[in-house]
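Report on the following structure.
Just so you know, all these numbers are worked out from the coordinates, no wet-lab data involved. Note that this is a predicted model, so its numbers are computed, not measured. Every residue, glycine as well, gets a Cβ built from its backbone with ideal geometry; the counts of neighbours run over all protein chains shown.
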Amino acid sequence: MFEITYSDNETFEAYQNAGKAHKGGTYDFTFENRYIIYHANLRHKVDYIAIDMSTGLGSFVITKNPGNLYTEASYKRLIPHILYSVKYTGDMRYLNRFADDPLTVIDSIFRVVLPNNGYNIREEQISLAKKMYIGFTEKQVALCEAEVGTGKTLSYLVAAIVAKHHNGITYRQNLPVTITTSSIELQKALVEREIPNLSKMLLDYYIIERPLTAVLRKGKEHYLCRYRFDDFLKNIRMYPEKYKTTIETLEQMSNLRAGIDLDRYRISGAIKSRICIKGTCAGCVRKKECTYNEFAKRMYDLPDLDFQVTNHNMYLMSQKTKTDDHPPLLRESCFVVVDEAHKFKEAAEDTFGERIGEKDIPRYVNAVKILCSTKANRDKYKEFLANIIKENDALFNSLRKKQHGDIEEERGDIISLSVFQTAKLNKIMYLIDKIEGMKIKRNYGIPVTGSYLKTAITAINKTSKSTIWLDADENGLLSLCSTPKDINNIFRSKIWDSNVSHVLTSGTLSDGTDFEYFKAENGLDFIPHRLLLESRTESPFDYTNHTRLYIPTGMPTPDNDNEDYFKAIADEIYRIIKATNGHTAILFTSYKTLNLVHDLLRDRLTAYDTICMTRSNKNAITDFKKSKNGILFASGSMWEGVDCVGDCLSSVIIVRLPFPMRSALMEEKKNNCDSVGDFVDRYCTPNMLIKLRQGVGRLIRCESDTGVVSILDPRAISKSYSVKIGQALHKFPKVDSAQEIECFMRGVKDEEYYGEKKENRK
């Protein structure tokens, strides 16, 4: 790619004689027929210098130890340093005073390699990458908040590569960097696009010596279980007319054998749940022929693996199950990147907790029946299976009486188990032991499922060590759940004390001011300051000229029992929609309020593409992106992680400040506080501020985006925490009316946005 020659020694001597090169310098080579490269011994060091033959000017390239000079075979490694140095000739900030300084390598990548490959690089991104490098190599944990537009993904990839390949930590170089995220889309993008692209660029510039390798490690539920697949297909073939399409799809899968990754197939979630791997495989007699085990072993044993990309739950489960006698699910890491780290605590509560759904015992019973190969075997278990179903029904019928509230609005009710319920759990445990103590000819799968249920029952019965709570899915099916009360101590022992550096990054780690809430929630408040790095990188986008913030005065305080409140909300939303000509996402904190306001506005919004986001409408966001001037009534996932670039989304309306919903875990925190005010200050307000920043962040996703954020909750300007809201949203200039919104929008949008010619605008 780059031309290196060795024929300009006489030209170099001429520069020496003219006093433009060190007299004692030694000619090395000529680069691109323009730059003469030589080295000179200067006081216990050797400087490499480039002379630009077109200008006669010299540029410092790099300093080396006298015993560690470049050889002819390694000259290619100098190329990025040369390109870097000649670009910044005369600016002493960019001079490298140490041999192969990793921070200089990072600079070279961002200032030379990436721009030459079409990337737009910002100073904030370079600074972030350097801080992440320091986090990898010098700190136990680094908290790196990186707002939208900073390019955090590229920053941590470059920092991790340089830390692994240029830091000289030889004992870790055979270990991969682990990247854990909460988004399947991001995981795929990293493995299929980001890492391969970066690998090619760094190879072209000789910064790395071999292609980077990466594997995607998802949870077992994403992979095919050949036994469950065969069993499911066998069962539905008994009903060929009813399952005709499903049978055809599965037969194609069986014939193609394209792999065991179920995400590669166009099949429904219901079918995936019937043919995927469930629980552990330790007790399966078909383990030796299992394609997943072969795949997992191959991924585990890959040589020279640079990155393993996974999700939060998989990473946490690997740490949870790791013992001296039990290897982790994932390979040991040299460094760990926790992307979308604001979701890490929730994943930990799920992973380190346990749950028993009211359908888990019936599924266990069905598994036992299926695996009983003869009628004699089935009769042998008949009484036990009937009794365990009876005990399960009695347990969940009693629990249902304790469940209250709207399952869509609340995350669960904290409960105390009664003597009756504890007795039912113990009886279920006893029956599982009896079933597993009996012999089944085809006994694979049963001990496994039973073991999981017994583990969950044991944890739930430890009421002094766990928070016990009820949860319900969208179908109203209950789950009895437990989360350890000492989750922060588990965090510390299983994650932070693992002798592996962690870089935690997200657009919203802080509440807009500091990291105290995040540290307390994630068991990080014990880490000494010298081992903890805290960094906040603000968005480089032009909020001053591209955005406005509208908080109307005179709005009623949120009141779910007041019909006038909902009418006032609907009227204000309509005024804003008129001012912005649609292109609006309305964010609600509950589906109940969403439906009420949508019903009030339905007949007034006929001029717009109106889309209502419900649990059943999974295509709502896609439909909104395709709309011309759409109105999206949204809750749930729309608050974070959704990109609507361009004029599609030019207005975000936040109906109510997103204080945390009532849940068992929040109730536990409340019970441990001295007062309600203490609970609000310590937990509710910081949680609200983080989610508010996430919702506001949906508006501006690229440099050219423009638009307005509206907050219809009067508490945003009247309560004591309004000061912190102002600090979190300080970059947004304020407007005071819908008329000012329209005036601003007409100034930043083109003619087509309002569907009218410029000369016809009023």
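Some notes on this structure:
- Over all orientations, segment 1-83 has a Cα convex hull whose mean projected area works out to 5.2 square nanometres.
- Helix 152-165 axis, angle to the chain major axis (alpha carbon atoms, nearest 10°): 70
- Phi to ³J(HN,Hα) by Karplus 6.51 cos²θ - 1.76 cosθ + 1.60 over segment 232-239, Hz, x for Gly, Pro: 5, 4, 4, 5, 6, 5, 6, 10
- Measuring nothing but how far apart in sequence close Cα pairs (under 8 Å, 6+ apart) lie, relative to its length, segment 611-719 scores a relative contact order of 34 percent.
- P(r) histogram, all alpha-carbon pairs of the chain included - 20 Å bins from 0, percent: 14, 39, 34, 12, 2, 0
- Extreme residue, positive dipole direction of the chain, given options 311, 568, 600 (C-beta unit charges): 311
- Table column - 3J(HN,Hα) (Hz), segment 193-208, Karplus curve with 6.51, -1.76, 1.60, x for Gly and Pro: 10, 4, 5, x, 5, 5, 4, 4, 5, 5, 5, 4, 9, 6, 7, 10
- Farthest toward positive dipole pole in the chain [+1 Lys/Arg, -1 Asp/Glu at C-beta], among 554, 73, 675: 675
- FRET efficiency estimate (nearest 0.05) - Cβ-Cβ, residue 571 to residue 268, R0 35 angstrom: 0.25
- Euclidean distance of C-alpha centroids, segment 598-644 and segment 681-744, integer Å: 20
- Placed amide H near residue 61: partners under 5 Å, 5+ positions off or other chain: 48, 49, 50
- Taking each DSSP H run with n ≥ 4 as -39500 (n - 2.57) and averaging over every residue of the chain yields -11500 deg cm²/dmol at 222 nm.
- Listed residue (365, 55, 396) projecting farthest to the positive dipole end of the chain, Cβ model: 365
- Lys, Arg +1 and Asp, Glu -1 on Cβ, resulting dipole of the chain about Cα centre, debye, nearest 20: 2740
- Principal-axis tilt of helix 563-580 within the chain, Cα atoms, nearest 10 degrees: 30
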